[in-house]
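Before any comments, here is the structure.
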């Protein structure tokens, strides 16, 4: 984790995400007196914006998506692998990459929610704290962050497979939009493989939308497993 | 050696150099990714035309999405930026180049670069056209006749509202196929000038200069967009015809924009005049490149200059 937190790209990505959320924040809606729960509603508008949807496959893969290419091409991996076991290296990298995709939006989203609370809440009419809405927003943010983690893992898979920066950084973006194209242009009922739906969770995902969490767990596990296998094969070649 | 044999050898050497340039082209991650990005770009750009067709539930001719999408200067600009990524490695230098130059003439090598650029550019533009049509295929038909959606755009203010270039004059004077062919021609000419400019600067100064030249060329076109220029110069609506006329002649990007041509309303260039201007520009660029090649220092054959 220390290694990850020292990574400049992680903080740059977080700042980009934060700037995007601020850009999408509906400041123009601030008109006194504000109704109860306005800070969450405005925060939801920012989180649900097109800019977040567009930025997700970019900001999540930037921090460590191509770490394997970087380490292997610089020769660092050859030295590093003598000090650490294969399994330890794979476990470490899988976790680092997943968290590096998860964190930028999670941190930026958390900071925006806090900022929204500090700025907007004092202007609201006094009433009960809308805990249900806050919880809903947190779940939305969690879904965005989990999608970021999966995308980072996909970048890692492409990095290990192609050993190329272009592919590692570019293909997750292309895959993400391929799914969007398929849903929007050809298979309009195919909502389960539609990235925007993973974030919004508006369609039928079972009781209490539990299906979406099962989907995230399954997709994450599959991506981690595939990435782990690819990394293991690459390490054996050294 | 006979004259005809020399000519044949010249052609053969050029052809083999072109083939060499294309070696590994389809396996190059940068090339693959550029074409994939182009697909995503076409998806974004074709959205507004499809939105109207969806809303009114009217069909479109297969090439109309392409005509509407790439009849706009901003779309051409965005697609040309991807072309810069595609041609970033010009001139093609590999460890094999010195051996090739020993066995061929420099002129053949440079001509091969020209053909390579032409083929890549033309392929890229045709790819954009096909992809745009394929992305909208659920709403399109093949017949060479303007659609009801086109009429909706042309006969109402909806075209302006959605920034979709569709005019009655165009619909009356051409067919969709004819119109799209003219657009492809203009786009190829624009993309070729951009590519040749990059080639010249890459040979003269270096790779970064080539990219900078490409970006400056695009930026020049963007700044000379009538709307942008009017905002910068604080011009009123009634003064727009002057701005349109000047930028229509001066800006290469506007020469590539189909809607910025003479349809009997303004004293703008015709499609033929624009093509002639582009060809003139290409000729000048080719001459400069030939001159540059005589002094070109092949100091690195690692593939990087």
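The values are calculated or read from the model by the stated rules, or taken from the named source; none is laboratory data. For clarity, every value in this text was computed on a predicted model and none was experimentally measured. Glycine gets a Cβ as well: all are built from the backbone with ideal geometry, and neighbour counts include every protein chain shown.
Being at pLDDT below 90, surrounded by fewer than 16 Cβ atoms within 10 Å (Cβ to Cβ) and closer than 20 Å to residue A:223 by Cβ, is that true of even one residue in the range A:74-81?
Taking every residue of the range A:74-81 in turn, none turns out to be at pLDDT below 90, surrounded by fewer than 16 Cβ atoms within 10 Å (Cβ to Cβ) and closer than 20 Å to residue A:223 by Cβ.
Take the residues of the range B:125-142 that are within 11 Å of chain A (Cβ to nearest Cβ) and assigned to a helix (DSSP H, G or I): which is surrounded by the fewest Cβ atoms within 10 Å (Cβ to Cβ)?
B:138
Quick check: anything in the range A:87-99 surrounded by 15 or more Cβ atoms within 10 Å (Cβ to Cβ) and within 28 Å of residue A:131 (Cα to Cα)?
yes
Residue by residue, here is whether (1) more than 18 Å from the chain's Cα centre (by Cα); (2) in contact (Cβ under 8 Å) with a residue 12 or more places away in the chain; (3) at positive phi; (4) crowded, with 20+ Cβ neighbours inside 10 Å holds:
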residue: A:42; (1), (2), (3), (4): yes, yes, no, yes
residue: A:46; (1), (2), (3), (4): no, yes, no, yes
residue: A:52; (1), (2), (3), (4): no, yes, no, yes
residue: A:56; (1), (2), (3), (4): no, yes, no, yes
residue: A:67; (1), (2), (3), (4): no, yes, no, yes
residue: A:71; (1), (2), (3), (4): yes, no, no, no
residue: A:102; (1), (2), (3), (4): no, yes, no, yes
residue: A:110; (1), (2), (3), (4): no, yes, no, no
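Looking at B:237, B:272, which is the one that is closer than 30 Å to residue B:171 by Cα, exposed (fewer than 15 other Cβ atoms within 10 Å of the Cβ) and at pLDDT below 75?
Only one candidate passes the filter, namely B:237.
For residue A:179, are the conditions met, namely being within 14 Å of chain B (Cβ to nearest Cβ), under 20 Å from residue A:205 (Cβ atoms) and either in a helix (DSSP H, G or I) or modelled with pLDDT of 90 or more (or both)? Steps first, answer last, please.
Details: within 14 Å of chain B (Cβ to nearest Cβ): yes; under 20 Å from residue A:205 (Cβ atoms): yes; either in a helix (DSSP H, G or I) or modelled with pLDDT of 90 or more (or both): yes.
Considered against the rule, which asks whether it is within 14 Å of chain B (Cβ to nearest Cβ), under 20 Å from residue A:205 (Cβ atoms) and either in a helix (DSSP H, G or I) or modelled with pLDDT of 90 or more (or both), residue A:179 comes out as yes.
Which residues, taken from the range A:193-208, are under 23 Å from residue A:49 (Cβ atoms) and part of a helix (DSSP H, G or I)?
Across the range A:193-208, the qualifying residues are A:193, A:195, A:196, A:197, A:198, A:199, A:200.
Check A:202, A:184 and return the single one that is at pLDDT below 90 and within 14 Å of chain B (Cβ to nearest Cβ).
Every option except A:184 fails the conditions.
Right, residue A:136: assigned to a helix (DSSP H, G or I), within 14 Å of another protein chain (Cβ to nearest Cβ) and either modelled with pLDDT of 90 or more or more than 16 Å from the chain's Cα centre (by Cα) (or both) or not? Talk me through it step by step, then tell me what you get.
Working: assigned to a helix (DSSP H, G or I): yes; within 14 Å of another protein chain (Cβ to nearest Cβ): no; either modelled with pLDDT of 90 or more or more than 16 Å from the chain's Cα centre (by Cα) (or both): yes.
Here the answer is no, as residue A:136 does not meet what is asked.
Filter the range B:266-283 down to the residues that are out of contact with any helix residue (DSSP H, G or I) (no Cβ under 9 Å at 6 or more places or on another chain) and part of a helix (DSSP H, G or I), then identify the one that is nearest to residue B:181 (Cα to Cα). Even if it seems obvious, please write down each step before you answer.
Let us first name the residues in the range B:266-283 that are out of contact with any helix residue (DSSP H, G or I) (no Cβ under 9 Å at 6 or more places or on another chain), namely B:270, B:272, B:276, B:280, B:283.
Remaining after also requiring part of a helix (DSSP H, G or I): B:272, B:276, B:280, B:283.
Working: B:272: 13, B:276: 16, B:280: 21, B:283: 23 Å.
Ranking the candidates gives B:272 first.
Please report, ordered by residue number, the helices (runs of 4 or more DSSP H) entirely within the range B:38-101 with at least 1 residues that are touching a strand residue (DSSP E or B) at 6+ places or on another chain (Cβ under 8 Å).
Counting at least 1 such residues, we get B:47-56, B:64-69.
Please find, within the range B:11-46, the residue that is farthest from the other protein chains (Cβ to nearest Cβ) out of those that are buried (at least 16 other Cβ atoms within 10 Å of the Cβ) and more than 19 Å from the chain's Cα centre (by Cα).
B:13
Quick one: would you say residue B:267 is within 25 Å of residue B:170 (Cα to Cα) and touching a residue at least 60 places away in the same chain (Cβ under 8 Å)?
Numbers: within 25 Å of residue B:170 (Cα to Cα): yes; touching a residue at least 60 places away in the same chain (Cβ under 8 Å): no.
When the stated conditions are applied, residue B:267 does not pass them.
Quick check on residue B:50: is it within 30 Å of residue B:12 (Cα to Cα), buried (at least 20 other Cβ atoms within 10 Å of the Cβ) and within 14 Å of chain A (Cβ to nearest Cβ)?
No: the conditions fail for residue B:50.
Answer yes or no as to whether residue A:211 is closer than 16 Å to residue A:97 by Cα, more than 11 Å from chain B (Cβ to nearest Cβ) and assigned to a helix (DSSP H, G or I).
No: the conditions fail for residue A:211.
How many of the residues in the range A:151-172 are facing another protein chain (nearest Cβ under 7 Å) and touching a residue at least 24 places away in the same chain (Cβ under 8 Å)?
Of the residues in the range A:151-172, 1 are facing another protein chain (nearest Cβ under 7 Å) and touching a residue at least 24 places away in the same chain (Cβ under 8 Å).
Looking at the range A:218-232, which of its residues are surrounded by fewer than 16 Cβ atoms within 10 Å (Cβ to Cβ) and touching a residue at least 12 places away in the same chain (Cβ under 8 Å)?
Selection gives A:232 alone.
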